[in-house]
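This report refers to the structure that appears directly beneath it.
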Protein chains: 2
Amino acid sequence: MHFLIIGAAGMIGRKFAESLASDAILGGKTVDRLTLADVVSPQEPAGFRGDVSCLTADLSSPGAAEQLISGRPDVIYHLAAIVSGEAEADFEKGYRINLDGTRNLFEAIRKAGGEEGWKPRVVYASSNAVYGGDFPDVIPDDYILTPQTSYGTQKAIGELLLADYTRRGIFQGIGLRLPTICVRPGKPNRAASGFFSGIIREPLVGLDAVLPVPDTVRHWMTSPRSAIGFLRHAATLDPAQVGDRPNLTMPALSVTVGEQIEALRRIAGDRVVAHIRREPDPLIARIVNGWARAFDPQRALSLGFTTETRFEDIILAHIEGELGGRIPERHAA
Amino acid sequence: MHFLIIGAAGMIGRKFAESLASDAILGGKTVDRLTLADVVSPQEPAGFRGDVSCLTADLSSPGAAEQLISGRPDVIYHLAAIVSGEAEADFEKGYRINLDGTRNLFEAIRKAGGEEGWKPRVVYASSNAVYGGDFPDVIPDDYILTPQTSYGTQKAIGELLLADYTRRGIFQGIGLRLPTICVRPGKPNRAASGFFSGIIREPLVGLDAVLPVPDTVRHWMTSPRSAIGFLRHAATLDPAQVGDRPNLTMPALSVTVGEQIEALRRIAGDRVVAHIRREPDPLIARIVNGWARAFDPQRALSLGFTTETRFEDIILAHIEGELGGRIPERHAA
């Protein structure tokens, strides 16, 4: 099987490519070819026995989509996007990359498939940002999408296109509404959601982290490991089971910041937790207040998608995946 | 006030232009200029005291949107679309007219507004076709849009764009999900929904009409007069009341075919009803079975949109509006 990952230089894309390289059996089939693409050159994952091509391409440029699919991959992961803040700051760029780029990809598949009978699976990374405005505490699968950002709008449009192209038989689409990823590895960034990871990641290595919102703030999150699991599982689903609604809210854990901190205390102790500095930021609190807090993702659960059920397991996944299984701050004690 | 109607040669566009011509006061303001546009030349409505321009233009052509808005209208009605059957038969044409055409209009407004501080109201004709697949007997306002046609997909994307451009302050958007219009005047057409009007319109003038579905089929319909009322009312709404969800399911009447026929009998008698010929058509029955049967349009009702509450009134609106207030078949008796 030939996998194309568009957006392979991002955090999830890179981890997913590494996962396919180290565990190349998926749904009983062997991944023997990887095409990795991004606007910056993706890294070749270590340990892969098959063929790897790395491409630098921008889906919104004429001809780029045609080039990316020229090897007729069996499974295409479309993970590339301008993030929420940038899509809000630059209206034209957001629509060009997130809407036109996605449509270019779908159209390139339509035009190529018509000639050759090629019908790939397309796994599309959507986002909980498709929800916005007034919603219930726990959002059911059949709740309306009324995004309150341009990014969320572009993702919701991508979902509609994915569903129509799938219904038309052009490709087999699966859309995954990804939760916030926690613990996100790497340096602190300026995303409004960054603190959900920061208050775990930084203290574990002995660094201070700022908490800008009250402990009562509730959010929907899953580990990078579960997110990679979603992407792997999406390649194996039976289209007949997915039915006429190919866009799925992924499962995750609904926890409060206070619950995150208590889980960190149980795993790493008071000295680690003491690195969390409470510095209220009304702007961030207001932004976060507009985000969904919990979902009831019945359809994804019934299709076999799984996530952590305790926040401790999300922290342990981070310690295992990023810190070699040890807590540096504790060992420095 | 200057009104632009795009799609002014269609049944609703023509009736709406006539309504503005004969009753040119809306929300306390005078309609003193009409720009009527369509892909075929629109007719100038009789009796209008202001300025009228009639334009032939296709929104999907480069420069057409800029030309249409060059007079900087205060209110823009975007009623133009390729209909459901054609959008399903011709994938590229449907997306070109219904998606690209809509986006061209919104983009032209964005680019013009940025320079001049112009911020028109945009009333967008959406459709109940945005709903599809599995839905409850009565669909609430917060139910998810999962269209099962390309037309419905294109309308749902238009709604998302309308909401984002409105949220961004580019224009004041109002999206109206129009019900099936009954009694649709004119000749029988080949639309799958045509019989809902045909079984009333044809018998009233002494012609036979085919009923291809069982009497138990339930559907959501309103009169042309109510639809024109929706369009007029949309121009007068306070944006603050509409809030962050500018797309509204319009009210209508949920009736069965059997109830339609009994209302016709009460108004026009057995001899008129006898013109309805039951000829079951499994294909049409299957298509109609996929359509929404009833809504609970709380938001539109609270914003003051109104419709008929008895099917008799829908028939009487037709007799008054199209037949000069008399039933030709009865008078021929």
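Overview of results
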{"quantity": "Summed residue charge, Cβ within 15 Å of B:Arg218's Cβ, Lys/Arg positive, Asp/Glu negative", "calculated": "-4"}
{"quantity": "Simple label model, 7 Å out from Cα along Cβ direction - A:Ser41 to B:Thr309, nm", "calculated": "7.2 nm"}
{"quantity": "Debye, to nearest 20: dipole size of the protein assembly as shown, +1 on Lys, Arg Cβ, -1 on Asp, Glu Cβ", "calculated": "80 debye"}
{"quantity": "Point-to-point label distance, A:Ala285-B:Ala191, nm (Cα→Cβ direction, 7 Å offset)", "calculated": "5.3 nm"}
{"quantity": "For a label point 7 Å along the Cα-to-beta-carbon line of B:Thr30, residues of the range B:40-78 with backbone N under 11 Å", "calculated": "B:49-51"}
{"quantity": "Label-point gap, in nm, between A:Gln298 and B:Thr56 - each point 7 angstrom along Cα→Cβ", "calculated": "5.4 nm"}
{"quantity": "Sum of -39500 (n - 2.57) over DSSP H runs of 4+, divided by residues of chain A (222 nm, nearest 500)", "calculated": "-11000 deg cm²/dmol"}
{"quantity": "At 7 Å out from Cα toward Cβ: A:Pro328 inter-copy label distances (nm, ascending)", "calculated": "8.7"}
{"quantity": "Amide hydrogen neighbours beyond the local backbone of B:Asp296, cut-off 5 Å, H modeled", "calculated": "B:Ile139, B:Asp141"}
{"quantity": "Cβ-Cβ FRET estimate between B:Glu116 and B:Glu18, R0 fixed at 30 Å, reported to 0.05", "calculated": "0.45"}
{"quantity": "DSSP H segments from chain A that extend 24 Å or more along their own axis, Cα-based, with Kyte-Doolittle mean of -0.5 or above", "calculated": "A:150-167"}
{"quantity": "For A:Arg266, label point 7 Å along C-beta direction: distances to other copies, nm", "calculated": "6.5"}
{"quantity": "Other copies of B:Glu66: label-to-label distances in nm, shortest first, labels 7 Å along the beta-carbon direction", "calculated": "2.7"}
{"quantity": "Amide H contacts under 5 Å for B:Ala57, placed H, 5+ residues apart", "calculated": "B:Asp38, B:Val39"}
{"quantity": "For the range B:2-178, with +1 on Lys and Arg beta carbons and -1 on Asp and Glu, the positive-most of B:Ser84, B:Gln43, B:Ser53 along the dipole", "calculated": "B:Ser53"}
{"quantity": "Anisotropy class of chain A from Cα gyration tensor, a/c 1.5 cut", "calculated": "prolate"}
{"quantity": "Rounded FRET efficiency, nearest 0.05, which uses the C-beta distance separating A:Arg49 from B:Arg49 and R0 of 56 Å", "calculated": "0.10"}
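Read-outs: derived from the displayed coordinates by stated rules, not from any lab. Since we're looking at a predicted model, the values are computed, not measured. Counting neighbours? That spans all protein chains shown, and the Cβs are built from the backbone with ideal geometry, glycine included.
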